[in-house]
């Protein structure tokens, strides 16, 4: 009986967190253009550490300092999308090249045995 209750509470907690995240993404229009998303990323990157420090001071918890990144995240925002698009654009050429090399290898093997 208690296990079912805890599963329900856990499910409702996860659903609430996911629902809140989806609402925030929709409300802030994060799925729109990239310029607006990068502005929000810069805004969040300056405000979140301040809020975390305030909550840590409120609860009396000492948190380690956030490491500074040498890589500008806002410039690498769509790197994965660009890499995937590049990969998909060269797939036909590479498939043609590899199949030609494979066919040439089979011809060479056949000519050696004949």
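Note on the chain: the C-alpha convex hull projects to 16.7 nm² when averaged across all orientations. Helical runs assigned H by DSSP (4 residues or longer) give the chain a calculated mean residue ellipticity at 222 nm of -27500 deg cm²/dmol, each run adding -39500 (n - 2.57) before division by the residue total.
Bear in mind that the values in this text are calculations on the coordinates, not laboratory data. No experiment lies behind these values; they were computed from the predicted model shown.
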